[in-house]
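J.: Have a look at this one.
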Amino acid sequence: MDDLITSVRDQLQKLGVTPTIRHRAAKPPVRDDPTPVEIFEVDLRRGPAQGAYTVLCGRRIRPRDTTLLHYEGRSDALVWTDHISPQTAENFRDLGVQFVDSTGNAWLEFGNAIIDVRGQRPAKQSTPSTPATSNLFSPNRSRVIFALLAWPRLQGATQQEISKAAKVSVGLTNGTLKMLRQEGYDGSAPSRRRLVDRWADAYPLGLGKSLELGRFRSEAASPHLDVRVKSPAFLSGESAVDDLLKPITLTLYVADLEKSLIGLNRWRTDRTPNVFVRRQFWETPVALGLDHGLHVAPWPLVYADLLTSDDPRVRGAAKEWRARAEPAASI
């Protein structure tokens, strides 16, 4: 970790920024990744401009890891890491999390100092792989990847069957499969696990961002659902794992938001929401034979929705859910 910190400090100094580390915690934070991380406080100075930050430092920092920094009284969040891809950089910007990496990419705003450096790559990174890396998790390609992860049997299916499950064109499915092969995806269990990590990281600010149908308030302490809809409805997030924790939010995926659903459940729109209704973006394979009524959403989606929470108990449930659901899905 010390060599990473030294590399990032060198990059800051090249940008005319002087960092002063004030405190390094003796105990590293816990997260669902074996790669070590540290949290510490740092002051940055550039001329008369000064800024105080809480740093999350590690070889591999994902946008969802920054929830480790979110509690009252902490300074602005700052990530120090080896390399931040263009897509991850945009995700950090959307979250308002500033960053510096050891290759020279940086986004910093403190006092009257504004630093925005993009496009720096590690020396060993090959240019041909860049397009696949930056576009693989676009909203529509994410649908194809989701279908392959949710139903591993589609790995040996025709592209028409995969396209139907993902609700995209055959041409887009073909292009996505080619990109996956270029990225080294071979359908094996280790390859799937890596792909789940990447898909779940990209989902909230990619595909997930375009699906919202409505936000509501249920006055029930543990939101429940009276569902009488014409097509299947799917629970996700906390509401899908009520055997692991007591839900305080309800996440629901439906083909369309029917007004009767709102009335039946007495949902309101004038208070802080705890019910989130989103559009179903997949078609369950016919072989599974789902009927009308309420079902649990495919496991990778439940996992991704759990990971978006700032609540440690919910993120802990995500790890338990994945350990239970992933082996079953591969059978």
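The values are calculated or read from the model by the stated rules, or taken from the named source; none is laboratory data. Note that this is a predicted model, so its numbers are computed, not measured. So basically every Cβ, Gly included, is an ideal-geometry build from the backbone, and we count neighbours across all protein chains shown. For accessibility, only protein heavy atoms count, side chains too; no ligands or nucleic acids. Shrake-Rupley method; radii C 1.70, N 1.55, O 1.52, S 1.80 Å.
J.: Only residues in region 312-331 that are at pLDDT below 90 count as the first member; pair them with residues that are part of a helix (DSSP H, G or I) and among the polar types (S, T, N, Q), Cβ under 6 angstrom, at least 6 apart or cross-chain, and list the lot.
T.: none
J.: Sort through Ala189, Ala132, Ala123 and tell me the only one that's over 20 Å from the mean Cα position of the chain (by Cα), at pLDDT below 90, of a type in the set (A, V, I, L, M, F, W, C) and under 24 Å from Asp82 (Cβ atoms).
T.: Ala123
J.: Picking from Glu212, Glu219, which residue would you name as being open to solvent by 60 Å² or more (accessible area, probe 1.4 Å) and modelled with pLDDT under 90?
T.: Among Glu212, Glu219, only Glu219 is open to solvent by 60 Å² or more (accessible area, probe 1.4 Å) and modelled with pLDDT under 90.
J.: Right, something else. Can you name the residue in region 110-120 that is touching a Gly at 6+ places or on another chain (Cβ under 7 Å) and open to solvent by 50 Å² or more (accessible area, probe 1.4 Å) and, of all such residues, is modelled with the lowest pLDDT?
T.: Step by step, filter region 110-120, then rank; the result is Gln120.
J.: So is Thr6 surrounded by 19 or more Cβ atoms within 10 Å (Cβ to Cβ) and either modelled with pLDDT of 90 or more or hydroxyl-bearing (Ser, Thr, Tyr) (or both) or not?
T.: Spelling it out, it is not the case that Thr6 is surrounded by 19 or more Cβ atoms within 10 Å (Cβ to Cβ) and either modelled with pLDDT of 90 or more or hydroxyl-bearing (Ser, Thr, Tyr) (or both).
J.: Scan region 101-108 and tell me whether some residue there is in a strand (DSSP E or B), charged (D, E, K, R), open to solvent by less than 40 Å² (accessible area, probe 1.4 Å) and modelled with pLDDT of 85 or more.
T.: Within region 101-108 (the criterion being in a strand (DSSP E or B), charged (D, E, K, R), open to solvent by less than 40 Å² (accessible area, probe 1.4 Å) and modelled with pLDDT of 85 or more), the answer is yes, since at least one residue qualifies.
J.: I'm told Leu244 meets every condition in (1) open to solvent by less than 30 Å² (accessible area, probe 1.4 Å); (2) touching an Asp or Glu at 6+ places or on another chain (Cβ under 8 Å); (3) of a type outside the set (Asp, Glu) except one. Can you identify the failing condition by its number?
T.: (1)
J.: Can you tell me how many residues within region 193-209 are surrounded by 20 or more Cβ atoms within 10 Å (Cβ to Cβ) and modelled with pLDDT under 90?
T.: 2
J.: Hey, another quick one. Which of the residues that make up region 10-46 are open to solvent by 80 Å² or more (accessible area, probe 1.4 Å), under 19 Å from Ala77 (Cβ atoms) and either at pLDDT 90 or above or of a type in the set (Phe, Trp, Tyr) (or both)?
T.: If the condition is that a residue be open to solvent by 80 Å² or more (accessible area, probe 1.4 Å), under 19 Å from Ala77 (Cβ atoms) and either at pLDDT 90 or above or of a type in the set (Phe, Trp, Tyr) (or both), then Arg45, Arg46 are the ones that fit.
J.: Taking the stated definitions as given, is Leu180 closer than 24 Å to Pro285 by Cα and surrounded by 18 or more Cβ atoms within 10 Å (Cβ to Cβ)?
T.: The answer is yes for Leu180.
J.: Tally the residues that are among the β-branched types (Val, Ile, Thr) and more than 30 Å from Ala166 (Cα to Cα), restricting the search to region 258-285.
T.: 2
J.: Could we say that Lys164 is modelled with pLDDT of 90 or more and of a type in the set (Lys, Arg) here?
T.: yes
J.: For residues in region 155-177 being without any contact (Cβ under 8 Å) to a residue 24 or more places away in the chain, of a type in the set (A, V, I, L, M, F, W, C) and closer than 16 Å to Asn140 by Cβ, which is most open to solvent (accessible area, probe 1.4 Å)?
T.: Across region 155-177, the extreme among qualifying residues is Val170.
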